[in-house]
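The values are calculated or read from the model by the stated rules, or taken from the named source; none is laboratory data. Only a predicted model underlies this, so the values are computations on that prediction, with no experimental measurement involved. Heads up, the Cβs are rebuilt from the backbone with ideal geometry, glycines too, and the neighbour counts pull from every protein chain shown. The protein model used for the area step is the full one, side chains on, heavy atoms only, and it has no ligands, DNA or RNA in it. Shrake-Rupley method; radii C 1.70, N 1.55, O 1.52, S 1.80 Å.
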Amino acid sequence: MYKAIVFDFDGTIVDTEQHLFNIINKHLISHKATPITLDFYRENIGGEAKDLHEYLEQTIGKDNKEIIYKEHHQTSNQLEINPTIKQLMKYLKQRHIPMAIATSSYKKDIFPVFKSLGLDEYINIIVGRESVEYVKPEPELYLTAVQQLNYSPTHCLAIEDSVNGATAAFRAGLDVIVNTNDMTQKQDFSTIPYIGKDLNGEEIINRFFEKGHV
(Lines give C-alpha, C1' and ligand atoms only; values in the text may rest on other atoms or scores of the structure.)
Protein backbone atom coordinates (compact mmCIF):
# COMPACT_ATOMS: atom_id res chain seq x y z
CA MET A 1 0.00 0.00 0.00
CA TYR A 2 1.24 3.49 -0.76
CA LYS A 3 2.07 5.60 2.28
CA ALA A 4 1.19 8.99 0.77
CA ILE A 5 -0.31 10.52 -2.33
CA VAL A 6 0.58 13.65 -4.30
CA PHE A 7 -2.04 15.33 -6.47
CA ASP A 8 -1.68 17.73 -9.32
CA PHE A 9 -4.12 20.63 -8.92
CA ASP A 10 -5.25 22.21 -12.19
CA GLY A 11 -7.18 19.69 -14.27
CA THR A 12 -6.82 16.93 -11.66
CA ILE A 13 -8.45 18.08 -8.42
CA VAL A 14 -10.47 20.80 -10.16
CA ASP A 15 -11.07 21.01 -13.91
CA THR A 16 -9.73 24.53 -14.28
CA GLU A 17 -8.36 23.92 -17.78
CA GLN A 18 -11.60 24.39 -19.72
CA HIS A 19 -12.42 27.32 -17.47
CA LEU A 20 -9.15 29.11 -18.27
CA PHE A 21 -9.40 28.34 -21.99
CA ASN A 22 -12.85 29.92 -22.14
CA ILE A 23 -11.75 33.04 -20.24
CA ILE A 24 -8.67 33.51 -22.43
CA ASN A 25 -10.69 33.40 -25.62
CA LYS A 26 -13.39 35.65 -24.19
CA HIS A 27 -10.77 38.31 -23.54
CA LEU A 28 -8.99 37.81 -26.86
CA ILE A 29 -12.27 38.23 -28.71
CA SER A 30 -13.07 41.36 -26.70
CA HIS A 31 -9.73 42.79 -27.87
CA LYS A 32 -10.55 41.74 -31.47
CA ALA A 33 -7.59 39.34 -31.35
CA THR A 34 -7.39 35.82 -32.76
CA PRO A 35 -8.59 33.22 -30.24
CA ILE A 36 -6.24 30.39 -29.34
CA THR A 37 -6.97 26.90 -30.62
CA LEU A 38 -7.61 23.86 -28.46
CA ASP A 39 -4.51 22.16 -29.82
CA PHE A 40 -2.30 25.13 -28.92
CA TYR A 41 -3.80 25.33 -25.44
CA ARG A 42 -3.39 21.59 -24.87
CA GLU A 43 0.31 21.83 -25.70
CA ASN A 44 0.72 24.29 -22.82
CA ILE A 45 -1.08 22.32 -20.11
CA GLY A 46 0.73 21.11 -17.02
CA GLY A 47 3.94 23.09 -17.26
CA GLU A 48 5.34 26.59 -17.58
CA ALA A 49 3.01 27.44 -20.53
CA LYS A 50 5.71 29.74 -21.90
CA ASP A 51 4.33 29.80 -25.45
CA LEU A 52 0.85 30.65 -24.23
CA HIS A 53 2.07 33.49 -22.01
CA GLU A 54 4.22 34.88 -24.81
CA TYR A 55 1.30 34.82 -27.24
CA LEU A 56 -0.99 36.64 -24.82
CA GLU A 57 1.61 39.28 -23.96
CA GLN A 58 2.44 39.90 -27.62
CA THR A 59 -1.23 40.01 -28.63
CA ILE A 60 -2.95 41.98 -25.85
CA GLY A 61 -0.10 43.06 -23.56
CA LYS A 62 1.16 41.90 -20.18
CA ASP A 63 -1.36 43.90 -18.14
CA ASN A 64 -4.32 42.43 -20.03
CA LYS A 65 -2.82 38.98 -19.66
CA GLU A 66 -2.69 39.49 -15.92
CA ILE A 67 -6.36 40.50 -15.95
CA ILE A 68 -7.21 37.17 -17.60
CA TYR A 69 -5.45 35.16 -14.92
CA LYS A 70 -6.88 37.30 -12.14
CA GLU A 71 -10.40 36.59 -13.38
CA HIS A 72 -9.55 32.91 -13.72
CA HIS A 73 -8.30 32.63 -10.13
CA GLN A 74 -11.18 34.68 -8.72
CA THR A 75 -13.88 32.61 -10.43
CA SER A 76 -12.42 29.09 -10.18
CA ASN A 77 -14.11 28.66 -6.80
CA GLN A 78 -17.33 28.24 -8.75
CA LEU A 79 -16.00 24.90 -9.98
CA GLU A 80 -16.39 21.61 -8.12
CA ILE A 81 -13.88 19.06 -6.89
CA ASN A 82 -13.52 16.14 -9.27
CA PRO A 83 -15.82 13.41 -7.80
CA THR A 84 -13.12 10.75 -8.13
CA ILE A 85 -10.63 12.87 -6.23
CA LYS A 86 -13.16 13.80 -3.55
CA GLN A 87 -14.00 10.14 -2.94
CA LEU A 88 -10.31 9.27 -2.77
CA MET A 89 -9.50 12.13 -0.39
CA LYS A 90 -12.25 11.09 2.01
CA TYR A 91 -10.92 7.53 2.02
CA LEU A 92 -7.31 8.64 2.58
CA LYS A 93 -8.26 10.98 5.40
CA GLN A 94 -10.18 8.22 7.19
CA ARG A 95 -7.07 6.04 7.04
CA HIS A 96 -4.66 8.83 7.99
CA ILE A 97 -2.76 8.59 4.72
CA PRO A 98 -1.11 12.00 4.11
CA MET A 99 -1.70 13.99 0.93
CA ALA A 100 0.10 16.81 -0.84
CA ILE A 101 -0.30 18.97 -3.92
CA ALA A 102 2.46 19.55 -6.49
CA THR A 103 1.44 22.27 -8.92
CA SER A 104 3.13 24.34 -11.61
CA SER A 105 0.87 27.21 -10.55
CA TYR A 106 1.84 29.66 -7.85
CA LYS A 107 0.57 28.58 -4.45
CA LYS A 108 -0.88 32.04 -3.83
CA ASP A 109 -2.97 31.72 -7.00
CA ILE A 110 -4.60 28.40 -6.18
CA PHE A 111 -4.92 28.96 -2.43
CA PRO A 112 -8.24 30.90 -2.51
CA VAL A 113 -9.87 28.09 -4.49
CA PHE A 114 -8.14 25.51 -2.28
CA LYS A 115 -9.69 27.14 0.79
CA SER A 116 -13.13 27.80 -0.64
CA LEU A 117 -13.49 24.17 -1.71
CA GLY A 118 -12.49 22.93 1.73
CA LEU A 119 -9.37 21.16 0.55
CA ASP A 120 -7.52 22.27 3.67
CA GLU A 121 -9.58 19.62 5.45
CA TYR A 122 -7.54 17.00 3.61
CA ILE A 123 -4.24 18.56 2.56
CA ASN A 124 -1.69 20.71 4.41
CA ILE A 125 1.24 20.49 1.99
CA ILE A 126 1.21 22.53 -1.22
CA VAL A 127 4.32 22.84 -3.35
CA GLY A 128 4.00 25.48 -6.07
CA ARG A 129 6.03 27.31 -8.68
CA GLU A 130 7.52 29.72 -6.15
CA SER A 131 9.15 26.82 -4.26
CA VAL A 132 11.26 25.43 -7.12
CA GLU A 133 13.55 26.55 -9.89
CA TYR A 134 11.96 24.40 -12.59
CA VAL A 135 8.34 23.29 -12.93
CA LYS A 136 6.87 20.28 -14.71
CA PRO A 137 7.94 18.29 -16.70
CA GLU A 138 11.02 18.60 -14.48
CA PRO A 139 10.74 16.48 -11.28
CA GLU A 140 11.56 19.17 -8.72
CA LEU A 141 7.97 19.86 -7.60
CA TYR A 142 7.39 16.18 -6.83
CA LEU A 143 10.75 15.70 -5.18
CA THR A 144 10.02 18.65 -2.90
CA ALA A 145 6.53 17.34 -2.09
CA VAL A 146 7.69 13.86 -1.09
CA GLN A 147 10.50 15.38 0.95
CA GLN A 148 7.94 17.41 2.89
CA LEU A 149 5.80 14.29 3.30
CA ASN A 150 8.93 12.59 4.68
CA TYR A 151 8.58 9.54 2.45
CA SER A 152 10.68 8.17 -0.37
CA PRO A 153 9.21 8.61 -3.88
CA THR A 154 8.69 4.86 -4.24
CA HIS A 155 6.21 4.94 -1.34
CA CYS A 156 4.15 7.74 -2.90
CA LEU A 157 1.50 7.71 -5.60
CA ALA A 158 0.94 10.63 -7.98
CA ILE A 159 -2.25 11.52 -9.82
CA GLU A 160 -1.90 13.71 -12.90
CA ASP A 161 -3.95 14.76 -15.91
CA SER A 162 -1.25 15.88 -18.36
CA VAL A 163 1.87 14.58 -20.08
CA ASN A 164 4.01 17.30 -18.50
CA GLY A 165 2.74 16.45 -15.03
CA ALA A 166 2.95 12.69 -15.43
CA THR A 167 6.48 13.04 -16.80
CA ALA A 168 7.50 15.07 -13.75
CA ALA A 169 6.07 12.50 -11.34
CA PHE A 170 7.72 9.59 -13.15
CA ARG A 171 11.09 11.37 -13.28
CA ALA A 172 10.84 11.95 -9.54
CA GLY A 173 10.42 8.22 -8.97
CA LEU A 174 6.71 8.09 -8.13
CA ASP A 175 4.21 5.69 -9.61
CA VAL A 176 1.61 7.71 -11.47
CA ILE A 177 -2.05 7.37 -12.35
CA VAL A 178 -3.15 9.45 -15.33
CA ASN A 179 -6.71 10.72 -15.04
CA THR A 180 -7.43 12.88 -18.04
CA ASN A 181 -10.10 15.50 -18.71
CA ASP A 182 -11.61 16.90 -21.91
CA MET A 183 -8.53 19.04 -22.43
CA THR A 184 -5.89 16.34 -21.90
CA GLN A 185 -7.52 13.11 -23.03
CA LYS A 186 -6.04 13.45 -26.53
CA GLN A 187 -2.48 13.98 -25.30
CA ASP A 188 0.02 11.24 -26.15
CA PHE A 189 0.90 9.39 -22.93
CA SER A 190 2.80 6.60 -24.70
CA THR A 191 6.11 7.65 -23.11
CA ILE A 192 4.68 7.45 -19.58
CA PRO A 193 4.80 4.07 -17.80
CA TYR A 194 1.67 4.87 -15.79
CA ILE A 195 0.08 2.22 -13.56
CA GLY A 196 -3.50 3.22 -14.31
CA LYS A 197 -5.43 5.56 -16.58
CA ASP A 198 -8.84 7.22 -16.20
CA LEU A 199 -9.75 5.30 -13.06
CA ASN A 200 -12.61 6.17 -10.72
CA GLY A 201 -12.21 6.48 -6.98
CA GLU A 202 -13.33 2.96 -6.20
CA GLU A 203 -10.91 1.48 -8.72
CA ILE A 204 -7.97 3.43 -7.28
CA ILE A 205 -8.86 2.46 -3.71
CA ASN A 206 -9.37 -1.22 -4.48
CA ARG A 207 -6.33 -1.65 -6.72
CA PHE A 208 -3.74 0.40 -4.87
CA PHE A 209 -4.82 0.63 -1.24
CA GLU A 210 -7.20 -2.15 -0.19
CA LYS A 211 -5.22 -4.93 -1.84
CA GLY A 212 -1.89 -4.02 -0.29
CA HIS A 213 -0.23 -2.81 -3.48
CA VAL A 214 3.47 -1.94 -3.04
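Quick look at the numbers
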quantity: Most positive-pole-ward Cα, Ala168, Asn200, Phe189, against dipole of the range 148-203 from beta carbon charges; calculated: Ala168
quantity: Per residue convex hull volume, Cα atoms of the chain, in Å³; calculated: 106
quantity: Cα Rg, Dmax (largest Cα-Cα span) when computed across the range 1-124, Å; calculated: 16.2, 53
quantity: Accessible surface, per residue, of the range 1-82 when the full set of protein chains is kept, probe 1.4 Å, Å²; calculated: 50
quantity: Point-to-point label distance, Tyr91-Ile29, nm (Cα→Cβ direction, 7 Å offset); calculated: 4.0
quantity: Student exercise, the chain dipole from Lys, Arg, Asp, Glu Cβ charges, in Debye to nearest 20; calculated: 460
quantity: Beta bridges per DSSP with both ends in the chain, % antiparallel, nearest 5; calculated: 5
quantity: Modelled FRET efficiency - R0 25 Å, Arg207 with Arg171, Cβ distances, 0.05 increments; calculated: 0.60
quantity: Gained length - Asp63 relative to Glu133, 0.36 nm times residue gap less alpha-carbon distance; calculated: 22.8 nm
quantity: Cα→Cβ-extended label distance, 7 Å offset, between Glu48 and Thr75, nm; calculated: 2.9
quantity: The range 11-52 and the range 91-113: distance between their alpha carbon centers, rounded to Å; calculated: 23
quantity: Extension gain (nm, one decimal) between Asp198 and Asn124, 0.36 nm per residue minus Cα-Cα; calculated: 24.1 nm
quantity: Spacing of the two label points (7 Å from each Cα toward its C-beta) at Lys107 and Asp39, in nm; calculated: 3.9
quantity: Point-charge dipole on Cβ atoms (K/R +1, D/E -1) for the range 84-191, about Cα centre, debye to 20; calculated: 360
